[in-house]
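Student: To start, I am sharing the structure in question, which I have written as structure tokens.
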Amino acid sequence: MGKLMIVGIGPGNYENMTIRADRALAACDVIVGYHVYVDLVKDQYPGKEFLTTPMTKETQRCQMALDAAREGKTVAMVCSGDSGIYGMAALIYELRGDSNQPEIDVIPGLTAACSGGALLGAPLTHDFAVISLSDRLTSWEKIETRLDCAAKADLSMVLYNPASHGRPDHLRRACQILLRTLPEDRLCGVAQNIGREGENYRLMTLKELKDTKADMFSTVFIGNEMTKQIGQQMVTPRGYRDV
């Protein structure tokens, strides 16, 4: 029986991949993943067998990885960012069920909240919530409740999957929900193409964010009442200077 490693590759560039992730991909026989993520690592790890599926084929993809491991191969399932935060780790455990074969090793990676936050400055130094705006697997009603509760708790927020071709207005709708509680001038930031060609970020108010174009390669940051702009950076103090 082989082994299945679920590997978070971070934002996609080699410099932001952990040493443990690099070693796992170097040691495996097969690399499995969404084709966009496999393309990010393919040149770095030549000579591997590569298995890919398109978007929305997550169950098929994970089953392919399990089947390859059951054939005795060492398999790496690659996930963008972290393997457990919106990654494939939970689904693979579900598909394997109560069996202990094949062996599973979850290897964490740098999620966009961390890598995007570093690009923006230091927006997450205090408590924060991470919320996906994709309603493919979660109802919009539940997403709306989570946004509303995070706003009322004055949590900084990181919004994943803010928009796509199929749901171009979800970020606008999210901002309308947040504006019920938060002021229009609340500081926000958008990090785009983190760790990849075209990497950039922008700072703006929540009112401006409502009309900002975003895509699946964007990560949105919304500050709390203490968040401020210092130079060109977004900073949320924790309060160390006041102690």
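The values are calculated or read from the model by the stated rules, or taken from the named source; none is laboratory data. This structure is a prediction, so every number in the text was calculated from the model and none was measured. Cβ placement follows ideal geometry from the backbone for every residue including glycine, while neighbour counts extend to all protein chains displayed. These area figures cover heavy atoms from the full protein model, side chains too; ligands, DNA and RNA do not enter into them. Shrake-Rupley method; radii C 1.70, N 1.55, O 1.52, S 1.80 Å.
Student: Go through (1) over 16 Å from Ile194 (Cα atoms); (2) outside any helix (DSSP H, G or I) one by one and return the number of the condition Arg20 breaks.
Tutor: That leaves (2) as the condition not met.
Student: Out of all the residues in segment 1-14, which are at pLDDT 95 or above and either assigned to a helix (DSSP H, G or I) or more than 20 Å from Leu95 (Cβ to Cβ) (or both)?
Tutor: Ile9, Gly10
Student: Residue by residue through segment 153-184, note down the ones that are closer than 19 Å to Lys207 by Cβ and of a type in the set (Lys, Arg).
Tutor: Arg172, Arg173, Arg180
Student: Give segment 80-106 a look and list any residue that's surrounded by fewer than 20 Cβ atoms within 10 Å (Cβ to Cβ), among the hydroxyl-bearing types (Ser, Thr, Tyr) and under 30 Å from Val158 (Cα atoms), or say none.
Tutor: Correct list: Tyr86, Tyr93.
Student: For segment 33-73, name all the residues that are open to solvent by less than 40 Å² (accessible area, probe 1.4 Å), within 27 Å of Asn100 (Cα to Cα) and in contact (Cβ under 8 Å) with a residue 24 or more places away in the chain.
Tutor: Of everything in segment 33-73, those that are open to solvent by less than 40 Å² (accessible area, probe 1.4 Å), within 27 Å of Asn100 (Cα to Cα) and in contact (Cβ under 8 Å) with a residue 24 or more places away in the chain turn out to be Gly33, Tyr34, Val38, Glu58, Arg61, Cys62, Ala65, Leu66, Ala68, Ala69.
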